[in-house]
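Asks: Please see the structure below; I have some questions.
Please treat every number below as a calculation from the coordinates, not as lab data. Computed from a prediction, not measured in an experiment: that's the story for all the values here. Here Cβ is always computed from backbone atoms with ideal geometry, including for glycine, and neighbour counts include all displayed protein chains.
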Amino acid sequence: MVRTSFQARIASVLILLLLVVIGALYFAVQAATTASIRTQAREQLEVGTGVFGQLLDVHARQLRDAVQVLTADFGFREAVASGDEATIRSALFNYGARVNAGLVMMFDMDGKLTASTLAPLSVARAEQINGQLSQHGQSLLMPVEGRIYLLVQATVNAPVPIARLVTGFAIDEGFARELNQLTHLELTLTGSMQGQPDVRVSTLPDMPMITFDGDSGEVMHGGEPFLVQRLVIASGDGFRVQALLQRSLEQARGSVAALNRQILLIAVAALVASLLGALLLARNLSRPIRHLAGAAQRVGQGDYDVPLALNRSDELGSLASAFQSMQQGIAERERQLAHNALHDPLTGLPNRNLALERLSSAIMAERHIALLYLSIGNLRTVTESCEAGGGDRLMQQLAARLQAALRPSDSLARLHGDEFVLLLDGADVDSAVATADRVQQLSMKPFRIDNVDIALDCRIGIAGYPSDGVTPEELLRRASIAMQDAGHLAGRIQVYESGRDAALQRQVQLIRDLRRAAQREELLLHYQPKLDIRTPTRLQAEGLLRWQHPEFGMVSPGEFIPLAERTGSIQTLTAWVIEEGVRQLQAWGQRGQVVQLSLNISTEDLVDAELPARVGRLLAHYQVPASQLIFEITESGVMLNPAVALQVLHGLREKGIGLSVDDFGTGYSSLAQLKRMPVQELKIDQSFIRELDDTSEDAVIVRSTIEMSHSLGLKVVAEGVELQRSLDLLDRWQCDSVQGYLISRPLTAQAFEAWMQRPSTSSVSLVH
């Protein structure tokens, strides 16, 4: 059906085109012929007009010559001079018969009719004829008593003019036939005389009276078209004579009828030949196309090996060659796609799909198998320190090193990014741990990338079949959970522990709910008082974020803050904390309580160039002085992107916002690094303060930090003060401010207001 349809469509299109072309050519020839016939007919009418005029002139000259002979006759002049009416009448009748004149009249010089061969002729008609001849000269065409005459006049001299002789030649059917013989045109003469019936002479007796606008036109007569040329021959007072020259278009077409028949036969013959050629062409085109269609079907079914034999040198042969090349290319690409679908393009290792397939085969065969889920914890930092492409080369070297450490029965796959999975066939948990330890030792050996030695932080999670799962997805998920747990262990190796799925589900739910916690009004700030040792009446506090989860209750910041940092929600939380803190400062200020509030901002906030402007707008909106706000930052946060972070910090300082370095002593930096940062305060981490006494190593660190900070013009805050002896030592070493459970636990806003209303001596007693 497809082949027939295609062939039929080709043939139909070609036949239709041929019909259109030949039909258009035939009708164009017919239109040109018709136009030529009309042009020739118009030319004939123009020629006939001239012939008609010349024929009238010939008859007029003949009449003038004849009448001159009569007027020159001596006997006739004598008769006219003597008034011999009998002789005159006899001479006029003889003359009219001799020259075939239908009308002969004689007028005296006063215009009175003296003799006429036409009777009866009224005196008024005779006077009209005489008057018109006097106006129009020697000849005139005029209707007279039901006939149209060509009138010619001559003067009878003896020797002076004594009479005028008028001769009339009847323009009748004979004259019309004469013109028809000369020009092949039909002639219709019409004459109208006031008070008399119209006179009509025509070679077409049944032709009705024709009326149309203009001097030429086209009329129908007996179903036959005629071209008509109208001539006004004579007109005067009360009369009009006109001629209609007519040319039959059907007769004109008859002259080219034989040519039209020949053209029609040629068109039919050309059409038949073209139809046969179109059918042959369609067949020749459809046959190789059917061959190509069959080959395409085989390719569609996955058969790429059948050769395409089409020995042609034309475009279809080129198409067949291109199709065969395409067939080979598709086969090669399909093989490549099949390989890429199951392998990692960078390392050439099996990918997640192939790993799951092999794991599924092992499970179906009920073979013991262990999974080692390996992840690189510091890959991002390492990649950023390498040149372009260094991270890819590192992954390739790692893959090669891991592959070399496996048994032939084991399998290595790269899941994505920095994650690999090792399938240990027939291994139990103990042997898997030994293999994991060996793999970790291999990964810890430095890699040489761009002349730089790089060490990797590898975390390995272990799960086994059937103890830890019975499906490939379950085993892979639990091995991943164990890998995440391994990141918190010193050895970086962890075997999956039962029940960790529930903990993971809790994390997933917390991550999901954290995005909407602010909208749902689940977040709140607690305020931990800070005691200014030198000025105890100065009100200071640190704002601490809390999350009241509708299902899990109060969630620890140590749990949800890392989740927010990993998932990108931390900036949303920071924005809420800043606005809520500024709003609370406004509320306290309206009650006359001026508090200096410290708020923590994240590492992501330090690379947000819009942060200073956004905080400035909040302070202006709530009408809170910038000096009441302190942002606490970490050393490590600044060091991740120092250029951008320092720009943001300077922007905050320009707004009047105070800056404090939080958790000092736990990061990469030193006091020298603080010179670059526009900070005014330093917070010593609580790990140095909690067990502080005069004999501990922490005492030396804390005391020297306070002294060096003061030398740099920085205030010092000690957090984690829980013992009175620690407070006494800090007071002795001139620490500026302290916070901790000895001062107060974090309080709600209402409880903090109550704490601010305590007697001023209570805070002093803590120190003195």
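Asks: Between Asn94, Gln181, Leu245, whose Cα lies farthest towards the positive end of the dipole of the chain when Lys and Arg beta carbons carry +1 and Asp and Glu beta carbons carry -1, centred on the Cα centre?
Replies: Asn94
Asks: Can you list the HN-Hα couplings for the stretch 742-747, worked out from phi with the Karplus curve (6.51, -1.76, 1.60; θ = phi - 60°), rounded to whole Hz and with x for Gly and Pro?
Replies: Those phi angles translate into 5, 7, 5, 6, x, 10 Hz.
Asks: Quick one: compute the contact order of the stretch 87-204, relative version, from alpha carbon pairs under 8 angstrom and 6+ residues apart, as a percent.
Replies: On the way: 198 pairs, mean separation 25.4, N = 118.
22 percent.
Asks: Taking 7 Å along the Cα-to-C-beta vector as the label spot, tell me the Leu25-Glu43 distance in nanometres, rounded to one decimal.
Replies: 2.7 nm
Asks: So if the hydrodynamic radius of the stretch 409-552 is defined as the Kirkwood radius over C-alpha pairs, what does Stokes-Einstein give as its diffusion coefficient at 20 °C and 1.002 mPa s, in µm² per second? Provide the component values of the computation, followed by the final result.
Replies: Values: Rh = 19.1 Å.
After rounding, the answer is 112 µm²/s.
Asks: Using amide H atoms built 1.01 Å from N in the peptide plane, name the residues 5+ places from Leu118, or on other chains, whose amide H lies under 5 Å from its own.
Replies: Val104
Asks: Hey, how many Å between the Cα centroid of the stretch 578-644 and the Cα centroid of the stretch 437-480?
Replies: With the stretch 578-644 and the stretch 437-480 each reduced to a Cα centre, they are spaced 42 Å.
Asks: Could you tell me how far the Cα centroid of the stretch 63-140 sits from the Cα centroid of the stretch 322-356, in Å?
Replies: The distance from the Cα centre of the stretch 322-356 to that of the stretch 63-140 comes to 123 Å.
Asks: Note down the relative contact order for the chain as a percent, whole number, built from C-alpha pairs under 8 angstrom at least six residues apart.
Replies: Values: 1136 pairs, mean separation 52.7, N = 768.
Answer for the chain is 7 percent.
Asks: List the GluC sites (Glu not before Pro) within the stretch 349-416 that DSSP assigns to loop and that have no more than 16 neighbouring Cβ atoms inside 10 Å.
Replies: On the way: sites: Glu357, Glu366, Glu384, Glu387; in loops: Glu366, Glu387.
Answer by residue number: Glu366, Glu387.
Asks: Cβ under 10 Å from Leu597's Cβ, Leu597 left aside: what net charge do those residues give with Lys, Arg +1 and Asp, Glu -1?
Replies: On the way: positive: Lys530; negative: Glu542.
Every neighbour counted, the sum reads 0.
Asks: If amide hydrogens are placed 1.01 Å from N in the peptide plane, which non-local residues have theirs closer than 5 Å to the one on Ser235?
Replies: Long-range HN contacts for Ser235: Val241.
Asks: Note down the relative contact order for the stretch 352-498 as a percent, whole number, built from C-alpha pairs under 8 angstrom at least six residues apart. Mind showing how you got there, number by number?
Replies: Working: 252 pairs, mean separation 46.9, N = 147.
It comes to 32 percent, rounded to a whole number.
Asks: Another one. Cut-off is 10 Å between beta-carbons; in what order do Glu473, Glu565 appear when sorted fewest neighbours first? The partial results should precede the final answer.
Replies: Details: Glu473 11, Glu565 15.
Listing Glu473, Glu565 from fewest to most nearby Cβ atoms yields Glu473, Glu565.
Asks: Can you give the charge dipole size of the chain about its Cα centre, rounded to the nearest 20 debye, using +1 on the beta carbon of Lys and Arg and -1 on the beta carbon of Asp and Glu? List each step's numbers first, then the result.
Replies: On the way: 69 positive and 85 negative charges, 289 e Å.
Rounded to the nearest 20 debye, it is 1380 debye.
Asks: Moving on to the next point. Which entry is the computed Rg and Dmax of the Cα atoms in Å for this structure: [x] 62.7, 187; [y] 29.6, 112; [z] 27.2, 90?
Replies: Only one option fits the structure, namely [x].
Asks: Given Val69, Gly83, Ala31, which one lies farthest toward the positive end of the charge dipole of the stretch 17-83, if we put +1 on the Cβ of every Lys and Arg and -1 on the Cβ of every Asp and Glu?
Replies: Positive-end residue among those listed: Ala31.
Asks: Right, another one. Could you give me the ³J(HN,Hα) list for the stretch 21-32, computed from phi with Karplus coefficients 6.51, -1.76, 1.60 and θ = phi - 60°, whole Hz, x at Gly and Pro?
Replies: Karplus values, whole Hz, x for Gly and Pro: 5, 5, x, 4, 5, 4, 5, 5, 5, 4, 5, 5.
Asks: Counting other C-beta atoms within 10 Å, which of Arg393, Arg725 has the fewest, and how do the rest follow?
Replies: Values: Arg393 16, Arg725 10.
Placing the least packed residue first, the sequence is Arg725, Arg393.
Asks: Using the Cα atoms of the stretch 83-242, I'd like the radius of gyration and the largest Cα-Cα distance, Dmax, both in angstrom.
Replies: Calculated on Cα positions, Rg and Dmax stand at 17.9, 62 Å.
Asks: Right, here's the next one. Tell me which residues come under 5 Å, amide H to amide H, from Glu542 once H is placed; ignore anything under 5 positions away on its chain.
Replies: HN-HN under 5 Å from Glu542: Gln528, Lys530, Ser598.
Asks: Where the Cα atoms of the stretch 346-479 are projected onto their three principal axes, how long is each span, largest first, in whole Å?
Replies: Per principal axis, max minus min of the Cα coordinates gives 47, 27, 25 Å.
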